[in-house]
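Q: Please find one structure pasted underneath; my questions will follow.
The values are calculated or read from the model by the stated rules, or taken from the named source; none is laboratory data. Everything numeric here is computed off the predicted structure, so don't read it as measured data. Neighbour counts run over all protein chains shown; Cβ positions are idealised from the backbone, glycine included.
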Amino acid sequence: MLNLYRWTQRVHHVSYLIIYLVCYKKKRIDIDIFEREHRTLPYIVAILSFALAVASFAYLKNTLMFAFVLAYLNVAIVMFIINLKWKISAHCSGIAGIATDAVYVLGPVAYPVFILVPFIAFVRYKLNAHTIGQLVAGAAVSINNIISDICCSLSFVIFLRFCHQKF
């Protein structure tokens, strides 16, 4: 199992390296990827990385991490689809997702983590990277998908365990 963990870590680092080489070294676009059209490759790499993580956690039978990563995979797919027609804030989506996960794992004590969302949104707005609508949409997509996906995937895992015990 340790080898699988190390392998997934290496794949994760390779995905960042691919994005770095394409986006930064070739000087095609800046590392912040302000242009919507240039975000396609990073989204595809993220989707593939999350898919690998889903498979890894399913293999390891780590139910909670499987549910979280499956939720992030779904968020990445939704963000990718939206990005084909409209620029949406991946930064707000990311921090809102982390805050949602923190509340799910730690309970109400983690609600203050959501304070980070408006700070990230403010910085992205001041950099002229996004409109207010794009910032709100990014956070909303993440929060909505993560809550529904965690509930659905955990329910599915419980259902599978129940069926396995019956037969």
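Q: Which condition does residue 146 not pass, out of (1) without any contact (Cβ under 8 Å) to a residue 60 or more places away in the chain; (2) in a helix (DSSP H, G or I), if it passes all the others?
A: Against the list (1) without any contact (Cβ under 8 Å) to a residue 60 or more places away in the chain; (2) in a helix (DSSP H, G or I), residue 146 comes up short only on (1).
Q: How many residues does region 79-92 contain that are among the aliphatic types (A, V, I, L, M), outside any loop (DSSP other than H, G, I, E, B) and within 21 Å of residue 116 (Cβ to Cβ)?
A: Matching residues across region 79-92 total 2.
Q: Filter region 124-142 down to the residues that are among the hydrophobic types (A, V, I, L, M, F, W, C) and surrounded by 20 or more Cβ atoms within 10 Å (Cβ to Cβ) and list them by number.
A: Within region 124-142, 135, 137, 139, 141 qualify.
Q: Would you point out which residue out of 51, 71, 55, 110 is assigned to a helix (DSSP H, G or I), crowded, with 20+ Cβ neighbours inside 10 Å and of a type outside the set (Phe, Trp, Tyr)?
A: 71
Q: Would you be able to say whether some residue in region 78-88 is crowded, with 19+ Cβ neighbours inside 10 Å, farther than 18 Å from residue 149 by Cα and at pLDDT 80 or above?
A: Checked against the condition, which is being crowded, with 19+ Cβ neighbours inside 10 Å, farther than 18 Å from residue 149 by Cα and at pLDDT 80 or above, region 78-88 yields at least one hit.
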